[in-house]
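The values are calculated or read from the model by the stated rules, or taken from the named source; none is laboratory data. Since the model is a prediction, treat every value here as computed from it, not as a measurement. Here Cβ is always computed from backbone atoms with ideal geometry, including for glycine, and neighbour counts include all displayed protein chains.
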Amino acid sequence: MDQNRDGFIDKEDLKDTYASLGKTNVKDDELDAMLKEASGPINFTMFLNLFGEKLNGTDAEDTILNAFKMLDPDGKGSINKDYIKRLLMSQADKLTTEEVDQMFQFASIDAAGNLDYKALSYVITHGEEKEE
């Protein structure tokens with residue numbers, strides 16, 4: 001997502017991310033409005049919240065869940081966080097330790113170190129749950 005690897009998500013990074021999801025008709029004013037929603041520079045954690053809110057109307061949550069399920073052959077609904085971290089840092093578009101740790105800030109991880117990927121998929125696609 002952070003194509004220039006500066007630790008922050010900017011307008012060009014947003015365009016690239018939307019394009020990778022097949023949405024190439026995003027207007028500059030939409031991206032500018034999205035950037036203005038943030039209280040400051042957008043790091044990975046803030047990006048998950050902002051971008052998740054923009055994915056309404058898609059099947060992204062099912063897609064993300066299905067990807068996680070491939071790594072969970074027993075159907076437990078959770079995967080060891082160290083295993084996920086190794087995968088994210090060594091496969092395809094490799095994430096940095098900082099990016100993975102930022103993702104874990106929004107993940108439910110139990111005492112055994114297992115990540116609840118169903119909850120994380122929800123946060124990615126709907127934004128962080130707001131406490132009332």
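Numbers at a glance
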{"read-out": "Enumeration of residues in region 1-41 that are under 21 Å from MET89 (Cα atoms) and of a type in the set (Val, Ile, Thr)", "value": "ILE9, THR17"}
{"read-out": "Those residues of region 110-121 which are more than 20 Å from PHE47 (Cβ to Cβ) and outside any loop (DSSP other than H, G, I, E, B), in sequence order", "value": "ASN114, ASP116, LYS118"}
{"read-out": "ASP110 being among the charged types (D, E, K, R), modelled with pLDDT of 90 or more and over 21 Å from ARG5 (Cβ atoms)", "value": "yes"}
{"read-out": "Looking only at region 13-24, and only at residues there that are over 17 Å from THR125 (Cα atoms) and in contact with a Phe, Trp or Tyr (Cβ under 9 Å, 6 or more places away or on another chain), the one that is surrounded by the fewest Cβ atoms within 10 Å (Cβ to Cβ)", "value": "THR24"}
{"read-out": "Close pairs (6 angstrom Cβ cut-off, 6 or more residues apart or separate chains): without any contact (Cβ under 8 Å) to a residue 60 or more places away in the chain and not assigned by TED's automatic domain parsing to the domain that holds THR45 in region 81-98, surrounded by fewer than 15 Cβ atoms within 10 Å (Cβ to Cβ) and part of a loop (DSSP other than H, G, I, E, B) anywhere", "value": "LYS81/GLY113"}
{"read-out": "Residues that are in a helix (DSSP H, G or I), surrounded by 16 or more Cβ atoms within 10 Å (Cβ to Cβ) and out of contact with any Lys or Arg (no Cβ under 8 Å at 6 or more places or on another chain), drawn from region 70-109", "value": "LYS81, ILE84, LYS85, GLU99, GLN102, MET103"}
